[in-house]
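Asks: The structure's right below; bear with me while I get my questions together.
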Amino acid sequence: MALRWQRLARLDEIPVGESKGFDPHGEGRDSLFVVRTGEATVVAYRNACPHVSGARMAWKKDRFMSGDGRHIACFGHGALFRPEDGLCVSGPCQGQHLTAVEVAIRGEELYLRLDDVCHEGAMQREFCNG
Ligand code: FES
């Protein structure tokens, strides 16, 4: 089966060290977010804190990073996560991980891999069947 990808953004829309939320499937909320960890590196996770099922993490649109920019932060109860692997290193869910989402950089564009998303109960959605 061929891998399916969906364009998310131009890479330069996310400055190095900053984050951006996305609603690639039109759910009316940012279901995932991307952190640009370097000039040519990004990580992406579901916008769902492991502390409370379904809890969104940003306090404001695209604000997923701690004040010092070193960690991903959940503003629900202050959990801090390592950007590189989503491990919670401080807070009520210490030792748990964010759920990674696969993204790829192609040229100047950022793409989301749809296959993983579509294997987790979302097969009925239009974007998974296209
Ligand atoms: S909901 Fe994220 S730390 Fe509590």
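The values are calculated or read from the model by the stated rules, or taken from the named source; none is laboratory data. Worth saying up front: this structure is predicted, and the values here are computed from it rather than measured. As a convention, Cβ positions derive from the backbone with ideal geometry for all residues, glycine included, and neighbour counts pool all protein chains shown.
Asks: Taking R63 as the residue in question, decide whether it is touching a residue at least 40 places away in the same chain (Cβ under 8 Å), within 15 Å of the ligand (Cβ to nearest atom) and surrounded by 14 or more Cβ atoms within 10 Å (Cβ to Cβ).
Replies: Considered against the rule, which asks whether it is touching a residue at least 40 places away in the same chain (Cβ under 8 Å), within 15 Å of the ligand (Cβ to nearest atom) and surrounded by 14 or more Cβ atoms within 10 Å (Cβ to Cβ), R63 comes out as yes.
Asks: Test E27 against the stated conditions and say whether it is under 17 Å from L114 (Cα atoms), assigned to a loop (DSSP other than H, G, I, E, B) and either more than 16 Å from the ligand (Cβ to nearest atom) or without any contact (Cβ under 8 Å) to a residue 60 or more places away in the chain (or both).
Replies: yes
Asks: Only one of these is crowded, with 16+ Cβ neighbours inside 10 Å and within 8 Å of the ligand (Cβ to nearest atom): P83, P50. Name it.
Replies: P50
Asks: Looking only at segment 61-91, which residues are more than 12 Å from the chain's Cα centre (by Cα), assigned to a loop (DSSP other than H, G, I, E, B) and of a type in the set (A, V, I, L, M, F, W, C)?
Replies: Result: C74, F75, A79.
Asks: Follow-up question, since we're still on this one. Quick one: is F22 under 15 Å from V103 (Cβ atoms), at pLDDT 95 or above and more than 15 Å from the ligand (Cβ to nearest atom)?
Replies: So F22 passes the test.
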